[in-house]
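Here is the structure we will look at.
The values are calculated or read from the model by the stated rules, or taken from the named source; none is laboratory data. Computed from a predicted model, the values in this text were never measured in an experiment. Here the Cβ positions follow ideal geometry from the backbone for every residue, glycine too, while neighbour counts run over all protein chains shown. Only protein heavy atoms, including side chains, enter the accessible area calculation; ligands, DNA and RNA are left aside. Shrake-Rupley method; radii C 1.70, N 1.55, O 1.52, S 1.80 Å.
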Amino acid sequence: MFSSSTIAVPKTDKVPRHVAIIMDGNGRWARNRFLPRVAGHRRGLEAVRTTVRGCAEAGVGYLTLFAFSSENWRRPEEEVSFLMELFVVALRQEVARLHENNIRLKVIGDRSGLEARLVELITQGERKTAGNTGLTLTIAADYGGRWDILQAVNKMISEHPDKQGCYSEGDLAPFLALSYAPEPDLFIRTGGEQRISNFLLWQLAYTEFLFTDELWPDFNSKSLARAFSSYRSRERRFGRTSEQVTDMQRQVESKTPTR
Ligand code: IPE
Ligand code: IPE
Ligand code: MG
């Protein structure tokens, strides 16, 4: 699937087709309760379940969650091991449920640094759910936006060595980690920081951003509804003027038969 917001104005809807989330604030949630940081990660998993359910119910097609960045390896060893273990446990517990709910699981990121048993569970989970037609849930693990662009560029060059100096977006697109999904419509970052932290650098070109102070373990169905409501109120111009957007909407509405 190749659709690029910088090449053609994408079709948009009241409900975002693709939501991408930086799930931040687990450590602070735990610290506020005098608990170890890892307790926040454990609670964060509950917020993941709620968000997956909420997105599936709202008719979102793709949900992409940032679980572990290429830079998160810099954290204390015990925290990194806990996060990897939590990922293993989550895959063992949740894949069957995802499958029952017709959810397709995908994992993006550099698998070369992940433990073999984790890679095995990821492969199994992806294989089991590959034919599902509901929400596509993507977990970004050991993912970095720069890693993504570089690995795509390297693959593109080795695939088309003849095209030197003449590569297009269309040549690169199939090699990007999220090549199967449209670009995100809505980006949410919890935890109060207003930065991308090397998440989807290429794919967020025209995404609507929402930063909230809420900490990830507190993020619930109401928070999701608020995010959707904020999204609905935005005017997505993709470089055009507001007048052009309004005219286009009028044309579409006049063609839609009323009951
Ligand atoms: C996000 O929460 C989870 C991961 C990065 C894995 P944090 O662990 O970054 O929580 P804070 O930012 O320290 O509160
Ligand atoms: C971003 O959160 C990565 C994930 C949520 C997985 P961080 O907590 O690692 O981001 P920084 O370090 O504050 O930018
Ligand atoms: Mg953080």
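For segment 215-231, how many residues meet the condition of being surrounded by fewer than 19 Cβ atoms within 10 Å (Cβ to Cβ) and not in a helix (DSSP H, G or I)?
The total comes to 1.
What about Leu135, is it more than 16 Å from ligand 3 (Cβ to nearest atom), within 18 Å of the chain's Cα centre (by Cα), open to solvent by less than 50 Å² (accessible area, probe 1.4 Å) and at negative phi?
In short, yes.
Give the residues of segment 22-53 that are within 13 Å of ligand 3 (Cβ to nearest atom), under 20 Å from Ser230 (Cβ atoms) and among the aliphatic types (A, V, I, L, M), sorted by residue number.
Result: Ile22, Met23.
I'd like the residue in segment 33-47 that is at negative phi and without any contact (Cβ under 8 Å) to a residue 40 or more places away in the chain and, out of all such residues, is nearest to the chain's Cα centre (by Cα).
Ala39
Only one of Leu200, Leu204 is open to solvent by less than 50 Å² (accessible area, probe 1.4 Å), away from ligand 2 (no atom under 12 Å from the Cβ) and either in contact (Cβ under 8 Å) with a residue 60 or more places away in the chain or in a loop (DSSP other than H, G, I, E, B) (or both); which?
The conditions single out Leu204.
Of all the residues that make up segment 54-69, how many are in contact (Cβ under 8 Å) with a residue 24 or more places away in the chain and away from ligand 3 (no atom under 13 Å from the Cβ)?
Summing the residues that are in contact (Cβ under 8 Å) with a residue 24 or more places away in the chain and away from ligand 3 (no atom under 13 Å from the Cβ) in segment 54-69 gives 11.
Considering each residue of segment 138-170, count those that are open to solvent by less than 40 Å² (accessible area, probe 1.4 Å) and over 22 Å from the mean Cα position of the chain (by Cα), and give that number.
1
For a quick check of your reading of the model, give me the residue pairs whose first member lies in segment 112-134 and is under 18 Å from Ser69 (Cα atoms), whose second is at pLDDT 95 or above and open to solvent by 40 Å² or more (accessible area, probe 1.4 Å), with beta-carbon atoms closer than 8 Å and at least 6 apart or on different chains.
Between residues of segment 112-134 that are under 18 Å from Ser69 (Cα atoms) and residues that are at pLDDT 95 or above and open to solvent by 40 Å² or more (accessible area, probe 1.4 Å), the close pairs are Gly113/Trp73; Val119/Arg111; Ile122/Arg111.
Which residues, taken from segment 128-177, are of a type in the set (Val, Ile, Thr) and under 20 Å from Ser4 (Cβ atoms)?
Passing the criteria: Thr136, Thr138, Ile149, Val153, Ile157.
Applying the selection to segment 171-191, what residues are open to solvent by 30 Å² or more (accessible area, probe 1.4 Å) and of a type outside the set (Ser, Thr, Tyr)?
Pro174, Phe175, Glu183
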